[in-house]
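For reference, the structure discussed in these notes is given below.
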Amino acid sequence: MNSSERFASIDDLDSESKYLVHKAKEATHHSYSPYSKFQVGAALILDDNTIITGANQENASYPLCMCAERVALYSLGAQFPEKKIVKMAVVAHKKNHKELTTAAPCGACRQVLVEYEQRQQSKIQILFMTDEMAWLKYPDAESLLPGSFRQEHLLL
């Protein structure tokens, strides 16, 4: 299994990662989170440098909510299905707070990320902040979800 790289602060990230974190922060402004007041943003950078963003979308019927990561991923699938994702950044903060808080992709988002890696036949780096305000960069979705459910499991 691949391990993550740890960065003590955002200043230690490469310029592309910093930019992607910035775009994910901007995406939090589009969060619809009246119930949790937890605003999450995700940003993807594609192989042609296109940026796709997503923000969490809540619903009074909680199971119908959608995470920022999947909003961004499904937007990519609907708009640019032939392009490849290079990296994803995920950030979060509480409503009316500027300080970021940790927001790792949930299990469902990790599963969708693995499927996108399979579809595009290349790895997706994933970047998010830890509880200690450090940043983790994972080399691929498989690192976040070993033993994921895969297409071949459906084949008889």
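Summary table below
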quantity: Residues of segment 8-45 classified as touching a Lys or Arg at 6+ places or on another chain (Cβ under 7 Å), of a type in the set (A, V, I, L, M, F, W, C) and more than 13 Å from K87 (Cα to Cα), total; calculated: 2
quantity: Boolean, A60 is surrounded by fewer than 21 Cβ atoms within 10 Å (Cβ to Cβ), at negative phi and part of a helix (DSSP H, G or I); calculated: no
quantity: For H29: the one exception among (1) farther than 14 Å from K137 by Cα; (2) in contact with an Asp or Glu (Cβ under 9 Å, 6 or more places away or on another chain); calculated: (2)
quantity: Which numbered condition Q57 misses (of (1) within 26 Å of M133 (Cβ to Cβ); (2) touching a Ser or Thr at 6+ places or on another chain (Cβ under 9 Å)); calculated: (1)
quantity: Single condition V71 does not satisfy, out of (1) more than 21 Å from P34 (Cβ to Cβ); (2) modelled with pLDDT of 95 or more; (3) in contact with a strand residue (DSSP E or B) (Cβ under 9 Å, 6 or more places away or on another chain); (4) β-branched (V, I, T); calculated: (1)
quantity: Single match in A141, A78, A60 (criterion: within 19 Å of A24 (Cβ to Cβ) and among the hydrophobic types (A, V, I, L, M, F, W, C)); calculated: A141
quantity: Lone unmet requirement of (1) over 15 Å from L44 (Cβ atoms); (2) within 16 Å of the chain's Cα centre (by Cα); (3) of a type in the set (G, A, S); (4) surrounded by 17 or more Cβ atoms within 10 Å (Cβ to Cβ) for G107; calculated: (4)
quantity: L113 under 17 Å from G54 (Cβ atoms), in contact with a helix residue (DSSP H, G or I) (Cβ under 8 Å, 6 or more places away or on another chain) and modelled with pLDDT of 95 or more; calculated: yes
quantity: Hits in segment 28-43 (condition: in a strand (DSSP E or B) and surrounded by 14 or more Cβ atoms within 10 Å (Cβ to Cβ)); calculated: F38, Q39, V40, G41, A42, A43
quantity: In segment 116-144, the residues that are closer than 17 Å to L73 by Cα, part of a loop (DSSP other than H, G, I, E, B) and of a type outside the set (D, E, K, R); calculated: Q121, S122, I124
quantity: Any hit, segment 100-115, residues being assigned to a loop (DSSP other than H, G, I, E, B) and of a type in the set (D, E); calculated: no
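The values are calculated or read from the model by the stated rules, or taken from the named source; none is laboratory data. Computed from a prediction, not measured in an experiment: that's the story for all the values here. As a convention, Cβ positions derive from the backbone with ideal geometry for all residues, glycine included, and neighbour counts pool all protein chains shown.
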